[in-house]
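Notes to accompany the following structure.
Each reported figure results from applying straightforward, stated rules to the coordinates on display, with no laboratory input. Bear in mind that the values here come from a model prediction, so they are computed numbers and not experimental data. Cβ atoms come from the backbone with ideal geometry, glycine included; neighbour counts cover every protein chain shown.
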Amino acid sequence: MNTETLEFTPEVEAATRPIYERLRDLIPEVEWPVHAPLIARINELKKERKATLVVHNYQVPVIFHGVADYTGDSLGMAQYGAETDAEVIVVCGVRFMAETAKILSPEKTVLLPDLEAGCSLAASITGEDVRRLREQYPGVPVVTYVNAYADVRAEADICCTSANAVQVVESLNSERVIFVPDGYLARYVATQTDVEIIPWDGTCEVHERFTADELREYREGFPGVEIIAHPECPPEVLEEADFVGSTSGMIKHIAERHPERVVLVTECSMSDNVAVEFPEVEFVRPCNLCPHMKRITLPKILHSLETLEPKIELDPEIAARARRSLERMLEVGRGPGQG
Ligand code: 13P
Ligand code: SF4
């Protein structure tokens, strides 16, 4: 179907009204006729296609609140993808997340609405790099943050996400662990465990931009503000934070503590999405945008459902080895306090 033929009819208006009511503070009424026909058509088509939409916390609110069947962090998306009985999984996130879904459900059609949705961390390392690290540190187990492509996960012993990195590292019962590709997450994990961490020096291009000075300015400018940061941030930024956690860990923290004022030191859309759920909490909203996450749009999601493209395809041998490291992670589960 040509998306330009979609119209803001009274039926579309009625079908999408409950969604708009939730987004009223974020989206001007004049803009809704652009989003609503796409949302209505996507929600119809996903039933016809027996498809499920798995949406990361960094997606824009019209996707997060408009069309998602599941929303969450990387670990939650992996767990959901492993359990869903849908025939088609549309991943609204970045490529490594879609690879996770394909690795865990090889028989299913996994769609990523824009195959160029990458990640600076995943791009920072290859399977060959991991083999070289193993030669350099014989016998030392390798943990890969899930923000890595299938070839890297195939070479690792186990995956982790920001929600369970410490537990995964400790599950290996080793005095030393190689941790790739996020150097800042590796350093954060090292502060939480006695295990010696050998880091790779990849960085997230979104979180590395935050500075400790910026956080101190929030504290001075917004008295009483609770600062919640993602562990992909540099160490001096995390030292200024009141709580450090994965994106879903942040949401759980707000749900439990109901701070009056909060700043989420992470990607822009996260605050917009979470603020809808907690209207009583004041969100200070710094904006560092992930250009990869923002490649996913409503028109591209609709196109994916119409054409069942673009599909994620993986080398079966690499996918089978990557699956072992993901399954080992899923056995460990989510760390305490991570929601
Ligand atoms: P989590 O949602 O797992 O915390 O990951 C954050 C992130 O940067 C994903 O790209
Ligand atoms: Fe990668 Fe950072 Fe974007 Fe997450 S926010 S997808 S880690 S670049």
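Using the rule -39500 (n - 2.57) for each DSSP H run of four or more residues, divided by the residues of the chain, the 222 nm mean residue ellipticity is -13000 deg cm²/dmol. Note on segment 254-321: with charges restricted to the Cβ of Lys and Arg (+1) and Asp and Glu (-1), its dipole about the Cα centre is near 200 debye. If the chain linking T9 and V284 were pulled fully straight, counting 0.36 nm for each residue of separation and taking away their Cα-Cα distance, it would gain 95.4 nm. Based on C-alpha pairs under 8 angstrom that are at least 6 apart in sequence, the chain has a relative contact order of 21 percent.
Bridgeable aspartates and glutamates around K50 (alpha carbons under 18 Å apart, same-chain partners fewer than 8 residues away excluded): D69, E83, D85, E87, E107, E306, E309. Quick note on segment 1-69: its Rg to Rh ratio, both from C-alpha atoms and Rh being the Kirkwood radius, is 0.95. Note on segment 255-339: Cα-Cα pairs beyond 16 Å make up 73% of the total pair count. When the Cα atoms of segment 65-124 are aligned to their principal axes, the ranges along those axes come out at 33, 28, 20 Å in descending order. Ignoring lysines fewer than eight residues from K46 along the same chain, the ones with Cα atoms less than 17 angstrom from its Cα are K108, K300, K311. For V265, the residues 5 or more places off, or on other chains, whose built amide H falls under 5 Å of its own are I228, A229, H230.
Taken as Cα centroids, segment 241-317 and segment 87-151 sit 19 Å apart, rounded to the nearest whole angstrom. The value for segment 216-274 of Rg(Cα) / (2.2 N^0.38 Å) is 1.03. Sequentially through segment 299-309, phi angles give Karplus couplings (6.51, -1.76, 1.60; θ = phi - 60°) of x, 5, 5, 4, 4, 4, 5, 5, 9, 6, 9 Hz, Gly and Pro residues having no value and appearing as x. For segment 105-258, the orientation-averaged shadow of the C-alpha convex hull comes to 11.3 nm² (one quarter of the hull surface).
Stokes-Einstein diffusion of segment 171-318 at 10 °C, 1.306 mPa s viscosity, Kirkwood radius from Cα pairs, rounded to a whole number: 91 µm²/s. Look at the dipole of the chain built from charges on Cβ: of L23, M77, S124, the Cα furthest out on the positive end belongs to M77. Between E256 and E217, the modelled labels are 3.1 nm apart [label points 7 Å from Cα along Cα→Cβ]. Shape index of segment 88-171: Rg/Rh, with Rg the Cα radius of gyration and Rh the Kirkwood radius from the inverse mean 1/r over Cα pairs, equals 1.00.
Computed from point charges on the beta carbon alone (+1 for Lys and Arg, -1 for Asp and Glu), the dipole magnitude for the chain about its Cα centre is near 660 Debye.
Size descriptors for the chain, from the alpha-carbon set: Rg then Dmax equal 20.1, 66 Å. Each 10 Å bin from zero up to the one holding the largest Cα-Cα distance in segment 15-133 carries the following percent of pairs: 13, 39, 31, 13, 4, 1. Semi-axes of the equivalent ellipsoid of segment 177-249 are 24, 13, 10 Å, computed as sqrt(5λ) over the eigenvalues of the C-alpha gyration tensor in descending order.
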